[in-house]
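Asks: Let me give you the structure first, and then I'll get to my questions.
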Amino acid sequence: MPQVLTIILGGGKGTRLYPLTKNRAKPAVPFGAKYRLVDIPISNSINAGFKNIYVLTQFNSASLHLHLANTYIFDSFTKGFVEILAAEQSFDQAGWYEGTADAVRKNMHHFKTQRPSHYLILSGDQLYRMDLADFFLKHIESGADATIAATPVSRDAAGGFGILELNSKGTVKGFLEKPEPGQNIEEMRIPDRLHPDTEMRKEGRDYLGSMGIYLFKADVMEKALDNALTDFGHEIIPGLIKKHKVQSYIYTGFWEDIGTIRNFYETNLSLAGIYPSFNFYDEAMPIYTHKRDLPASKFNFSSISQSLTADGCIITNANITNSIVGIRTFIESGANLDGAICMGADYYETPVERQENRESGIPDIGIGGKTMIKNAIIDKNARIGQGCRIGIDNIDRKEGDNGFYYVRDGIIVVPKNTIIPDGTVI
């Protein structure tokens with residue numbers, strides 16, 4: 001019976017998502033009001049019945065480890081696990097992961113003990129819901145040594161992907177990593193008989209971009225990594241195509257690579273739309289996360305439209321539009337949020353702690369009364385005082401580090417645990 005081992009690549013320092021990755025690994029970044037990014041690939045794998053899962057990371061892994069340990073607990077009958085493998089020193093190796101393939105290679109001794117028949121490689125920072133069981137079935141039916149999941153992309157977008165060239169049977173015969181804007185790749189268009197979506201074709205999405213999702217026969221991947229090559233996309237996949245049968249799996253559903261602050265911000269807010277592209281409300285293929293047993297959120301005389309609110313919030317006399325409100329968020333009277341992502345809090349402050357805040361002259365955790373926030377991300381445990389104006393005024397905001405806040409891709413980011421005094425204008 002086939003035994004699939006899932007390997008989720010947690011990425012490097014996550015510099016493009018900084019400062020959200022200042023104190024946490026990229027897969028641990030909060031998302032969609034109550035989830036973490038890593039919940040997406042783990043849930044896809046579990047829903048397919050693939051419950052032996054390793055998550056590879058090497059930076060700020062404490063928060064990620066705590067989330068996984070508190071969330072993915074299987075009983076003795078399930079015989080599954082979700083474990084984190086952080087970069088480690090040993091007698092054989094002492095360095096950091098130098099790329100996706102290098103990270104997998106350096107943990108191969110852990111993987112082999114599970115005696116898998118196949119390896120499933122997933123990314124830790126993508127939003128999608130794929131039927132990975134069907135992906136595996138199509139791989140078996142094709143008789144391929146490896147299968148690459150790919151989605152149709154336009155020529156303009158092709159520069160951000162590894163582009164697959166197929167024969168008439170869907171077998172990959174060529175692979176070009178991130179073609180230059182002026183480079184001629186006409187011969188790599190999806191064959192007419194294989195293009196799965198008429199609407200995508202009308203939009204000019206005529207090329208297949210690799211999603212960074214791979215399925216390998218175990219012996220094939222182990223042999224492919226028996227070298228010093230460091231990256232799947234640049235090195236391992238092109239080498240495999242020359243020597244093995246590599247099949248394509250064309251995916252036409254929603255898929256988003258959450259790689260930048262702008263992309264993270266827009267993808268989050270899109271979840272609050274009337275008809276979001278990604279549907280969390282799917283009982284057949286749920287997205288799992290930590291069960292916190294928080295109370296229901298309470299709204300006191302508030303106006304909320306096209307927004308998501310997580311559990312445990314208390315919102316009083318506030319106006320919230322097109323926003324995401326995370327767990328345990330307190331929003332005080334007169335506050336106004338428009339296009340804001342509030343990640344919430346890790347704990348509730350007690351009445352005694354709130355009194356101590358008064359005496360110390362610092363705001364409580366949450367959003368203070370009469371504060372206005374627009375086009376901003378407020379990370380966990382931030383203390384935003386009363387009467388603040390964040391992103392409201394037409395002022396020059398310098399990209400980068402501005403002391404107690406950052407501007408990345410035009411989005412204001414208030415880091416975790418930051419204190420914003422009453423009346424502050426950003």
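Asks: Go through T350, T371 for me and flag whichever is assigned by TED's automatic domain parsing to the domain that holds I314 and surrounded by 19 or more Cβ atoms within 10 Å (Cβ to Cβ).
Replies: Values: T350 fails: surrounded by 19 or more Cβ atoms within 10 Å (Cβ to Cβ).
The match here is T371.
Asks: Kindly indicate whether Y288 is out of contact with any Phe, Trp or Tyr (no Cβ under 9 Å at 6 or more places or on another chain) and either surrounded by fewer than 17 Cβ atoms within 10 Å (Cβ to Cβ) or outside the structural domain of F31 (by TED's automatic domain parsing) (or both). Please lay out each step first, then the result.
Replies: Working: out of contact with any Phe, Trp or Tyr (no Cβ under 9 Å at 6 or more places or on another chain): no; either surrounded by fewer than 17 Cβ atoms within 10 Å (Cβ to Cβ) or outside the structural domain of F31 (by TED's automatic domain parsing) (or both): yes.
No; evaluated as a whole, the condition is false for this residue.
Asks: Tell me yes or no: at least one residue of region 69-79 is more than 20 Å from the chain's Cα centre (by Cα), of a type in the set (D, E, K, R) and more than 30 Å from Q183 (Cβ to Cβ). Even if it seems obvious, please write down each step before you answer.
Replies: Just the residues of region 69-79 that are more than 20 Å from the chain's Cα centre (by Cα), to begin with: 73-79.
From the residues that got through so far, the ones that are of a type in the set (D, E, K, R) too are 75, 79.
Add one more test, that the residue is more than 30 Å from Q183 (Cβ to Cβ), and what stays is 75, 79.
Yes, some residue in region 69-79 is more than 20 Å from the chain's Cα centre (by Cα), of a type in the set (D, E, K, R) and more than 30 Å from Q183 (Cβ to Cβ).
Asks: Still on this structure: Scan region 184-200 and report the pairs whose first residue is under 13 Å from A150 (Cα atoms) and whose second residue is in a helix (DSSP H, G or I), with Cβ atoms within less than 7 Å and a gap of 6+ or a chain change.
Replies: Within 7 Å, the pairs are H195/R201.
Asks: From the list L176, L166, L208, which residue is within 23 Å of the chain's Cα centre (by Cα) and either crowded, with 20+ Cβ neighbours inside 10 Å or free of Cβ contacts under 8 Å to residues at least 60 places away in the same chain (or both)?
Replies: Numbers: L176 fails: within 23 Å of the chain's Cα centre (by Cα); L166 fails: within 23 Å of the chain's Cα centre (by Cα).
It is L208.
Asks: Give me a count of the residues in region 161-175 that are over 24 Å from E141 (Cβ atoms) and either aromatic (F, W, Y) or modelled with pLDDT under 90 (or both).
Replies: Going through region 161-175 one residue at a time, the tally reaches 1.
Asks: Here's a follow-up. What do you reckon, is S45 assigned by TED's automatic domain parsing to the domain that holds F135 and more than 23 Å from N279 (Cα to Cα)? First the steps, then the outcome.
Replies: Numbers: assigned by TED's automatic domain parsing to the domain that holds F135: yes; more than 23 Å from N279 (Cα to Cα): no.
No; evaluated as a whole, the condition is false for this residue.
Asks: Take region 120-162 and flag every residue that is of a type outside the set (A, V, I, L, M) and either part of a strand (DSSP E or B) or on the phi > 0 side of the Ramachandran plot (or both).
Replies: Going through region 120-162, the residues of a type outside the set (A, V, I, L, M) turn out to be 123-126, 128-129, 131, 134-136, 138-139, 141-143, 145, 147, 151-152, 154-156, 159-162.
Listed by number, the residues that qualify are S123, Q126, Y128, G143, T147, T151, P152, G162.
Asks: So, one more: Looking at K13, K34, K22, K51 in this structure, which one is touching a residue at least 24 places away in the same chain (Cβ under 8 Å), over 17 Å from K106 (Cα atoms) and buried (at least 21 other Cβ atoms within 10 Å of the Cβ)?
Replies: On the way: K13 fails: buried (at least 21 other Cβ atoms within 10 Å of the Cβ); K22 fails: buried (at least 21 other Cβ atoms within 10 Å of the Cβ); K51 fails: buried (at least 21 other Cβ atoms within 10 Å of the Cβ).
Only one candidate passes the filter, namely K34.
Asks: Now for a different question. Quick check: anything in region 218-233 at pLDDT 90 or above, in a loop (DSSP other than H, G, I, E, B), surrounded by fewer than 17 Cβ atoms within 10 Å (Cβ to Cβ) and not aromatic (F, W, Y)?
Replies: For region 218-233, residues at pLDDT 90 or above, in a loop (DSSP other than H, G, I, E, B), surrounded by fewer than 17 Cβ atoms within 10 Å (Cβ to Cβ) and not aromatic (F, W, Y): present.
Asks: In addition: Restricting to region 341-370, what's the tally of residues that are farther than 21 Å from P30 by Cα, in a loop (DSSP other than H, G, I, E, B), of a type outside the set (G, A, S) and touching a Pro at 6+ places or on another chain (Cβ under 9 Å)?
Replies: 2
Asks: Hey, another quick one. Given the criteria over 26 Å from A103 (Cα atoms), loosely packed, with under 13 Cβ neighbours inside 10 Å and among the charged types (D, E, K, R), does E266 qualify?
Replies: Working: over 26 Å from A103 (Cα atoms): yes; loosely packed, with under 13 Cβ neighbours inside 10 Å: no; among the charged types (D, E, K, R): yes.
No, not satisfied.
Asks: Separate question: Checking I341 against (1) in contact with a helix residue (DSSP H, G or I) (Cβ under 6 Å, 6 or more places away or on another chain); (2) farther than 13 Å from G366 by Cα; (3) aliphatic (A, V, I, L, M), which single condition isn't satisfied?
Replies: I341 satisfies all of (1) in contact with a helix residue (DSSP H, G or I) (Cβ under 6 Å, 6 or more places away or on another chain); (2) farther than 13 Å from G366 by Cα; (3) aliphatic (A, V, I, L, M) except (2).
Asks: Moving to a separate point now. Applying the selection to region 108-119, what residues are in a strand (DSSP E or B) and of a type in the set (D, E, K, R)?
Replies: Correct list: empty.
Asks: Follow-up question, since we're still on this one. In region 378-404, what count of residues is obtained for those that are out of contact with any Lys or Arg (no Cβ under 9 Å at 6 or more places or on another chain) and under 25 Å from Y348 (Cβ atoms)?
Replies: Number satisfying all stated conditions: 5.
Asks: Kindly establish whether G326 is modelled with pLDDT of 95 or more, of a type outside the set (V, I, T) and over 24 Å from the mean Cα position of the chain (by Cα).
Replies: Details: modelled with pLDDT of 95 or more: yes; of a type outside the set (V, I, T): yes; over 24 Å from the mean Cα position of the chain (by Cα): no.
Judged against the criteria, G326 is not a match.
Asks: I'm trying to understand the selection: among the residues of region 331-342, which are surrounded by 22 or more Cβ atoms within 10 Å (Cβ to Cβ) and in contact with a Phe, Trp or Tyr (Cβ under 9 Å, 6 or more places away or on another chain)?
Replies: I341
Asks: Give the residue, chosen from A69, A87, A144, that is within 30 Å of K245 (Cβ to Cβ) and either small (G, A, S) or touching a Lys or Arg at 6+ places or on another chain (Cβ under 6 Å) (or both).
Replies: Values: A69 fails: within 30 Å of K245 (Cβ to Cβ); A87 fails: within 30 Å of K245 (Cβ to Cβ).
Every option except A144 fails the conditions.
Asks: Are any of the residues in region 176-193 part of a strand (DSSP E or B), closer than 19 Å to P238 by Cβ and touching a Gly at 6+ places or on another chain (Cβ under 9 Å)? Before the answer, list the steps.
Replies: Residues of region 176-193 that are part of a strand (DSSP E or B), as a first pass: 176-177.
Next cut, closer than 19 Å to P238 by Cβ only: 176-177.
The next check asks that each one be touching a Gly at 6+ places or on another chain (Cβ under 9 Å); those that pass are 176-177.
Checked region 176-193: at least one residue is part of a strand (DSSP E or B), closer than 19 Å to P238 by Cβ and touching a Gly at 6+ places or on another chain (Cβ under 9 Å).
Asks: Ok, one more. Kindly list, by first and then second residue, each pair from a residue in region 62-82 that is in contact (Cβ under 8 Å) with a residue 40 or more places away in the chain to a residue that is part of a loop (DSSP other than H, G, I, E, B), limited to pairs with Cβ atoms under 6 Å and residues at least 6 apart or on different chains.
Replies: S63/R24; L64/A25; N70/H290; T71/H290; V82/Y72
Asks: Test Y265 against the stated conditions and say whether it is assigned to a loop (DSSP other than H, G, I, E, B) and not assigned by TED's automatic domain parsing to the domain that holds D338.
Replies: Values: assigned to a loop (DSSP other than H, G, I, E, B): no; not assigned by TED's automatic domain parsing to the domain that holds D338: yes.
Criteria not met by Y265.
The values are calculated or read from the model by the stated rules, or taken from the named source; none is laboratory data. All of these numbers come straight from a predicted model, not from anything done at the bench. Cβ: placed from backbone, ideal geometry, glycine included. Neighbour counts: every protein chain shown.
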